[in-house]
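To keep things clear, I will list the structure first and then write my remarks on it.
No value in this document is a laboratory result; all are computed from the given coordinates. A quick note: this is a predicted structure, and the numbers were derived from the prediction, not measured. Every residue, glycine as well, gets a Cβ built from its backbone with ideal geometry; the counts of neighbours run over all protein chains shown.
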Amino acid sequence: MRRCRYYNHRVFTFILLLSFLNISSLLCANDFTVSQSDTILSLEEITVTSIKQSFDTHATAATKLNAKDAERLNVSAAKSISEIAPNVYMPDYGSRITSSIYVRGMGTRIDQPVIGMNIDNIPVMDKNNYDFDIADVYRMEILRGPQSTLFGRNTMGGLINIYTLSPFQFQGIRLLAEYSSGNTYKVSASVYHKPSDKLGLSLTGHYYSSDGLFTNTHNGEKCDKEKQGGARFKIQWRPSRNLHIDNTFYFSILRQGGYPYESVDNGEIAYNDTCFYRRSTFNDGLTIKWIAPAFTLSSITSFQYIDDNMTLDQDFLPLSYFTLTQARKQHTITQDLIFKGKESSNYNWLAGAFAFYKHLDMNAPVTFKDYGIEQLIEKNRNEAIPDYPIAWDTREFLLSSRFTIPNYGLALYHQSSYKLNNFTFSAGIRLDYEHTALTYHSSCDTGYSTISASDGSTYSHTDVKINDTDKLSKSYLQILPKISVTYSFGAQNQSSAYLSAAKGYKAGGFNTQMFSDVLQQRIMGIMGLSKSYEIDEVVGYKPEQSWNFEAGIHWESNSSNIIADASIFYIDCNDQQLTRFPDGNTTGRIMTNAGHARSFGAEAAVRYSPVKNLMLNASYGYTNAKFISYNNGKQNFAGKYIPYSPANTIYAGISYSIPTNLKWLENITISASTRGAGEIYWDEENTISQAFYATAGASIRFENKNCSLDLWGQNLTDTDFKTFYFVSIGNKFLQRGKPRTLGATIRVKI
């Protein structure tokens, strides 16, 4: 196949210059104070405030964004941190159901994520709900490397902690209004109030609307238009110094177009059937923390509900092939109990128990239309038996698939840390059990006539009636250990070096999207053609397991004007989960276990403040991820790069704050940044790829104590890059990254 390369030399020159200015390189850095530090960008070392905080946080590669960072970089959702945290890549394509995340070469497009997410300590249990706007972000923490010992399933690549503003941190009213390219506007309003010293209340509402940036040339309409709204109500009660009770209720409604996939052959986005994604969700999380003399007991309870519908013109062509709907209703309950010993100078411990239950009902019909019946069914059958061709009874029929998937898990975990002089030794272990089941009902009611080629008369008629029901189940038991050793050094032990080893895993599951292909092959079997596969061969996939070995250093100068981090890692992965489109004229996607893979690389970051009010940041991540063994029965991919994960990520930024000494305008802050990723292979054969690309952004902020105005731009050089590539029924498609966007944001505090 022809190798696709997309390169922008001007942007590459820009990134090299900016990287040179910033001295270059990664991870994150310790909290330190400089004058006007709240008005400049800072990528800081993690300061974990999670209830599950362990005592070996210095043995973790992590990146932190504070509230000002989030505002400056326009970070309001998890996808916005892509490339900022080294070796973390979240491509923006499809719709908000598409929450693909790749960390250190690991990750996949559908089903189980490689990284977990907590919002105000509440775990988000469904990746379909990862991508949504969050108002009043107070802090974000991105931990890289397995967090499975404390957090379990689907955190083998790391964890994203998002914290929202508390009424104990701010009282008053916050308003936001934003307008940007694509007739995109966003508004939010928040009220934070403390009726007493022991009670805090907050109510936040937000609304987002966009006409979109990509046009479907078939009908002349924007295909990625979107409307989204939501509200969050938070209660924080401190009846005594020893008892803390927090409850957060959140709901949101999303209506979105999406799927601006263009044909590689003609460069056009053109499809004739409707594409959309709709989601309604609400979550309620209750956290109770009791501080006893010898320990702290915390309970985190949540209920999560998602009702979403993805409907696709799945051929993405202006032809009547077929459409797919995936309508889901899911209820989830989680319970976490955490016991944490009173912090001492030498020995510290944490233990807990976690349980969850998920129940998913899904309806996933595929509707075959005229051209699809002709090309995918009649043509194949008539080429095989030309003397007796067939003609379908109708020019449209339904392949129906309904699923019920209950899923529950139980876990026990413990972690201890012991300090000996400058060394801290940590060890932890988790016993994790999970059970999942699938009840399916697949049906089809149609038929066709067989015709004599010699005289055109009807030879016979065949009814195609399929009504399959069955139940499958799987259980998994995982033991997840972690060990680390940290050595502290420097004037006040502010710097450290560490070694760690940890096991992580992603849960197994079922390939529900393949049932339409199973039905299609059943129909081909009825017509006398051999079936390609059976349900047992394609419907299930196993957990993915990995060992992560890591060494790193956090260093801070005595004057605290330079903070730098660096780490190297090696990951050994078994049964890696990969998403692929099966060969031939198929309609679904399949998750498969790819045998054995490995990934190694390095991460580095530096934050430097050479003079007052000037901050330079840079981060870089390198990953070399390849298959050790993977044979799909037709090809051996050993030695090939793992697709969809970039080999390099880079971020560099500069921010300068100018005090004006004016009452109405206290500061002007000028910021510029660039971020990039690549090379990214799009297939297991490594025949097509996206070369390294970079995009530039800049902003200027005018602010006083109660108000700020940001004028900003993203992808200012209008770099042409691709965020997704795939092949479906023999046709090649891609999605382009967002073009240049300009905007203005006003924030007011009352």
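With 21 Å as the limit on Cα-Cα distance, the pairs of 369/465; 234/342; 79/640 that go past it are 234/342; 79/640.
Placing dummy labels 7 Å off each Cα toward the beta-carbon, the span from residue 268 to residue 467 is 4.5 nm.
Once the Cβ-Cβ distance of residue 203 and residue 711 is raised to the sixth power relative to R0 = 30 Å, the FRET efficiency obtained is 0.55.
Counting beta carbons within 10 Å around each of 709, 420 and listing the fewest first gives the order 420, 709.
Shape class for the stretch 117-210: oblate, because the ratio a/c of the largest to smallest gyration tensor axis (alpha-carbon atoms, square roots of eigenvalues) is 1.5 or more and b/c is at least a/b.
Going from the residue with the fewest nearby Cβ atoms within 10 Å to the one with the most, 600, 627 rank 600, 627. Here the gap between residue 529 and residue 169, fully extended at 0.36 nm per residue and compared with their Cα-Cα distance, gives a gain of 122.8 nm.
The C-alpha atoms of the stretch 610-663 occupy a region whose extents along the principal axes are 71, 22, 8 Å, arranged from largest to smallest. In sequence order, the stretch 155-166 has phi-based couplings of 10, 5, x, x, 8, 10, 9, 10, 10, 9, 4, 9 Hz under the Karplus curve 6.51 cos²θ - 1.76 cosθ + 1.60, θ = phi - 60°, and Gly or Pro positions carry x. Close amide H contacts of residue 729 (hydrogens built in the peptide plane, cut-off under 5 Å, sequence separation of 5 or more or a different chain): 586. Sorting 127, 542, 663, 612 from the fewest to the most surrounding beta carbons within 10 angstrom yields 663, 612, 542, 127. Take the alpha carbon gyration tensor of the stretch 241-376, find the square roots of its eigenvalues, order them as a ≥ b ≥ c, and report rounded if a/c is under 1.5; if not, report prolate when a/b exceeds b/c, else oblate. Prolate is the answer for the stretch 241-376, as a/c is 1.5 or above and a/b outweighs b/c.
Peptides 291-298, 642-649 ranked from most to least packed give 642-649, 291-298, packing being the mean of other C-beta atoms within 10 angstrom over each peptide's residues. Backbone geometry of the stretch 637-649 corresponds, through the Karplus equation with coefficients 6.51, -1.76 and 1.60 at θ = phi - 60°, to 3J(HN,Hα) couplings of 9, 4, x, 8, 6, 6, x, 6, 9, x, 6, 9, 10 Hz, x marking Gly and Pro.
Taking Lys and Arg as +1 and Asp and Glu as -1, the other residues whose beta-carbon sits under 14 Å from that of residue 373 total -2.
Seen from residue 628, the other residues with C-beta closer than 11 Å to its C-beta sum to a net charge of +2, counting Lys and Arg as +1 and Asp and Glu as -1. Here the Karplus relation 6.51 cos²θ - 1.76 cosθ + 1.60, evaluated at θ = phi - 60°, turns the backbone of the stretch 178-184 into coupling constants of 9, 9, 8, 4, x, 6, 9 Hz, with x for every Gly and Pro.
Contact order for the chain, expressed relative to its length and based on alpha carbon pairs under 8 Å spaced 6+ residues apart, stands at 15 percent.
Sites listed here are chymotrypsin sites (Phe, Trp or Tyr not before Pro) in the stretch 651-750 whose DSSP assignment is loop and whose Cβ has at most 14 other Cβ atoms within 10 Å: 664.
For the pair residue 237 and residue 292, label points projected 7 Å from Cα toward Cβ lie 2.2 nm apart. In this rough spin-label picture, where each label sits 7 Å from Cα along the Cβ direction, the residue 740-residue 560 distance is 4.1 nm. Stretched out straight at 0.36 nm per residue, the stretch from residue 665 to residue 425 would grow longer than its current Cα-Cα span by 81.4 nm. What FRET efficiency would be calculated for the residue pair residue 138, residue 393, taking the C-beta separation as r and a Förster radius of 51 Å, to the nearest 0.05? Calculated value: 0.25.
Descending by average beta-carbon neighbour count within 10 Å, the peptides 340-349, 561-570 line up as 561-570, 340-349, the highest first. Shape analysis of the stretch 197-239 based on the Cα gyration tensor places the equivalent ellipsoid semi-axes at 43, 6, 5 Å, largest first.
Calculated FRET efficiency, residue 351 to residue 408, Cβ-Cβ distance, R0 = 22 Å: about 0.55 to the nearest 0.05. Restricting to Cα atoms and excluding each atom paired with itself, what does the Kirkwood estimate give for the chain in Å? The answer is 27.4 Å.
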